[in-house]
1. Return a whole-number percent for the relative contact order of the range 2-146, with Cα pairs under 8 Å and 6 or more residues apart as the contact set.
2. Report, in degrees rounded to the nearest 10, the 0 to 90 angle that the Cα long axis of helix 79-100 makes with the longest principal axis of the chain.
3. What's the FRET efficiency of residue 41 with residue 129 using the Cβ-Cβ distance as r and R₀ = 25 Å, to the nearest 0.05?
4. Cβ neighbours within 10 Å, averaged per peptide: list 114-124, 23-33 in order, most packed at the top.
5. Which angle between 0 and 90 degrees, to the nearest 10, do you get for helix 254-264 versus the longest principal axis of the chain when only C-alpha atoms count?
6. How far apart, in nanometres, would the label points at residue 244 and residue 261 be if each is projected 7 angstrom from Cα along the Cα-to-Cβ direction?
7. Quick check on the chain: helices-only [θ] at 222 nm, where DSSP H runs of length 4 and up contribute -39,500 (n - 2.57) each and the sum goes over total residues. Nearest 500, please.
8. Based on the Cβ-Cβ distance from residue 211 to residue 253, what FRET efficiency comes out when R0 is 25 Å, to the nearest 0.05?
C-alpha cells in the first residue's frame, strides 16, 4: 500500500510551493491590509506586500537543500522533521522579514518596532495563516512511499493436506520446520506461537517435496526448511543437521550431503 508523504524530492515542485506561498502572502497583505498595512499608500502597500512575499519565497527556497540533506541522512521524513521545517521557516522568515522592514521598507524611520514585537505580533500570526496552505501543498505534492506493514502479514500461507479431507494445516512458510516420513504417513513439524508442534498426515514425502520446492531433502525420510538450519554435527560416520527450533537433529545421507554443503556454504567434513 502506498501513502502520501510530506517529503518532496522534486525541485520544481518545491519551487512551485514556494511560489504559491509568496502569492498567497502578497494577496493577503495587499487586499486584506492587516496590521498597519492600511496606513500605507497603494504603491507603498504594493511594494511592502511584494517584498514580504519575496522574503517568504526565498526563505522556503533556502530550506530545500536542508530537507534533501536531512532525508539523505535519515532515509525517511517524519512528522518530527516536518515540525522542524516549520520552526526553521518561522525563525528564518522572521529574521529576514524584519531586516526587510527595518532597512528597506522604513530605512529612515527611527521609531520602528523592536524585533521581539515584530516577530510575535507580525510574523507568527502571518505564519499561522500560511501554514495550512503550505501543509496542504506539501501533502498534495509529496512523494508516495510504501507504507510499512508487518512482514509476517505479507508472507505466503501454505496448505498441507492429507488424503483425508479433514487433514488440512494452514501455516506460514517460515513456520514449517521439517517433514519426516513415517510409513504411510508424514509427520509435519511446525511452529505454533514459537512452540514446536507436529501432526500426522496420510501422504507421501515425495508428494510434499513437489508441492513445496523450497524444502531440502537431507535423507530419503526427511525434508527440512533451510531457514531453520543451525549447524552440522558428526556422530561416528553419521552426519547430522541441527535445526534451531527445539535443537532438532535430522540425519543426512551421503546422497544429499554434497548439495546441502553447497547450500549452507559449509565444509564437507
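1. On the way: 116 pairs, mean separation 67.3, N = 145.
Dividing the mean separation by the residue count of the range 2-146 yields 46 percent.
2. For 79-100 against the chain, the angle is about 20 degrees.
3. Numbers: r = 24 Å, r/R0 = 0.95.
According to the calculation, E is roughly 0.60.
4. Highest mean packing first, the order is 23-33, 114-124.
5. 10 degrees
6. Taking the two extended label points, one gets 2.5 nm.
7. Roughly -13500 deg cm²/dmol at 222 nm, from the helical runs in the chain.
8. The pair residue 211/residue 253 has a calculated efficiency of 0.70.
The numbers here are math on the coordinates, done by the rules we state, and not lab data. Worth saying up front: this structure is predicted, and the values here are computed from it rather than measured. Virtual Cβ from ideal backbone geometry, glycine too; neighbours counted across all protein chains shown.
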